[in-house]
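Heads up, the thing below is written out as structure tokens.
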Amino acid sequence: MDRRDQVIRQWRLLHVLTVRGGCTIRELTREVNCSRRTVRQDLVVLQEAGFPLTAEQDGRESRYRLIEGPSGTPPVTFSLTELMSLHLGRHLLVPLRGTPVGDAIHTALEKVSSTLGPKAKALLDDIEQCISAGTLQAKDSSRAVETLRLLQQALHERRTVEAEYHSFGRDSASRRRLDPVHLWHQQGGIYLAAYCHTRRQVLTFALERFRQVRISDDTFQSPPEFNLDRYLEGSFGLFRGEPVRVALRFSRRVARYVAERQWHLSQSLAPLLTGELEMTLRVPLTPEVRRWILGYGKDVEVLEPKSLREDIRREWLAALRGAEGRVEELRLTARKARPRRRPSRVVALTDAERTRGRTRRTDIKP
């Protein structure tokens, strides 16, 4: 039995016991879709792990529940600095707002905050004016709460989902059969790694791009070899592909900024005597990589591969043509907007006027 399946099933048992307040073995077997023996073994494992489980006789069956309150949950004491860190860190969870996980964390932080006195709360508010933490450009997952719930359920129960998904790259929707493997939060959004029956490989899907999700009756075995870190090694951000060696040279102006950050696990940096910086890394040639390179403008040069160098060159030429076209368009617009002068003619001078050196001009009547 895959250890991942056991952990997810036990997490599901804890969730059901918490929500329902108590369940019999028979009810739990239906919830997690496994045998009574497996459920009993899981309950023993949870008890040995320290979860406060108790069993009460309910007719001919025992009803298991989690003990709540002081006798069930051990008291936890936080220092003021720990409370401050939790208070400030709540903004990092904005992408999870409206989701079960986000709501649970919000409730927990509210409970922690309620234990503080007025002066302590005022101090935290004052500190927040000086120090804060947040996620820029976070996606709003609250509109996809039901989608997330269905995907979580399918993930826990190892069930295939039938979904309609709108692809960002192709800007079109398609029907897919997916086996959910892993949900995670990254770059301000929630993403699903799932085996696609059409493409016959594990792909990444953005939560907010699902149009419809339906859990089927078909079950699947989770790939035991799946590991999120290894899965993301073949990506630069979120897009995956076949990694190739990429070599870049950054100018002196941005060299220190680039060197201060880890952009990819495979990166290798080589400072030059000129103050420039050379970077090599193994990444797929995805749109994300190209956008990252283009963002440095004239301060980066692609050394290899040649195909990427040509791609970046074409992008800059296209941008230059677009800019020149825009400049010409503005020039023509400005020319059309100028007030037109009315033409005039010089009237013949009399001898007297010519003598005095005066020129008389009369407007031409339209």
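Throughout, read-outs are computed from the coordinates displayed, never taken from laboratory work. Since the structure is predicted, the reported quantities are computational estimates derived from the model, not experimental observations. No Cβ is skipped: glycine too gets one built from the backbone with ideal geometry, and neighbour counts run over all protein chains shown.
Subtracting the Cα-Cα distance from 0.36 nm times the residue separation, let me have the gained length for Gln57 to Leu272 in nm, one decimal.
Taking 0.36 nm per residue and subtracting the Cα distance, the gain is 69.9 nm.
Report the full-extension gain for the segment Glu82 to Arg20: residue separation times 0.36 nm, less the Cα-Cα distance, to one decimal in nm.
Fully extending the segment from Glu82 to Arg20 adds 19.1 nm.
How long is the gain from Arg321 to Asn33 if the chain were fully straight, where each residue apart is worth 0.36 nm and the alpha carbon distance is subtracted?
97.6 nm
Karplus couplings for the stretch 281-290 from phi (6.51 cos²θ - 1.76 cosθ + 1.60, θ = phi - 60°), rounded to Hz, Gly and Pro as x?
Karplus values, whole Hz, x for Gly and Pro: 7, 10, 9, x, 7, 9, x, 4, 5, 5.
Which order results if Tyr64, Tyr296 are arranged by neighbouring Cβ count within 10 Å, fewest first?
Ordered by Cβ neighbours within 10 Å, fewest first: Tyr296, Tyr64.
Calculate, for Arg252 and Thr280, the FRET efficiency according to 1/(1 + (r/R0)^6) with r their C-beta to C-beta distance and R0 22 Å; round to the nearest 0.05.
FRET efficiency, Arg252 to Thr280: 0.70.
Treat each spin label as a single point 7 Å out from the Cα along the C-beta direction, and report the Ala259 to Arg175 distance in nm.
With each label point 7 Å from Cα toward Cβ, the separation is 5.7 nm.
Could you work out how far apart the two model spin labels at Gln186 and Phe168 are, taking each label as a point 7 Å from the Cα in the direction of the beta carbon, and quote it in nm?
Once both label points are built, they end up 1.2 nm from each other.
What are the extents of the Cα atoms of the stretch 141-233 along their three principal axes, listed from largest to smallest and rounded to whole Å?
Principal extents (largest minus smallest coordinate, Cα): 32, 31, 25 Å.
What are the ³J(HN,Hα) values, in whole Hz, obtained from phi via the Karplus relation 6.51 cos²θ - 1.76 cosθ + 1.60 with θ = phi - 60°, for each residue of the stretch 305-320 in sequence order, with x given for Gly and Pro?
Calculated HN-Hα couplings, in order: x, 4, 4, 5, 4, 5, 4, 5, 4, 5, 4, 5, 5, 5, 5, 5 Hz.
Between Ile190, Ser216, Leu228, whose Cα lies farthest towards the positive end of the dipole of the stretch 141-233 when Lys and Arg beta carbons carry +1 and Asp and Glu beta carbons carry -1, centred on the Cα centre?
Ser216
Could you give the radius of gyration (one decimal) and Dmax (whole number) of the Cα atoms in the stretch 214-258, in Å?
Cα radius of gyration and Dmax of the stretch 214-258 are 18.8, 59 Å respectively.
Work out from phi, with θ = phi - 60° and the Karplus expression 6.51 cos²θ - 1.76 cosθ + 1.60, the ³J(HN,Hα) of each residue of the stretch 187-198, listed in order in whole Hz, and give x for Gly and Pro.
6, x, x, 10, 10, 10, 9, 9, 7, 8, 5, 6
Taking the Cα centre as origin and putting +1 on Lys and Arg beta-carbons and -1 on Asp and Glu beta-carbons, what dipole magnitude results for the stretch 141-233, to the nearest 20 debye?
In total the dipole reaches around 260 debye.
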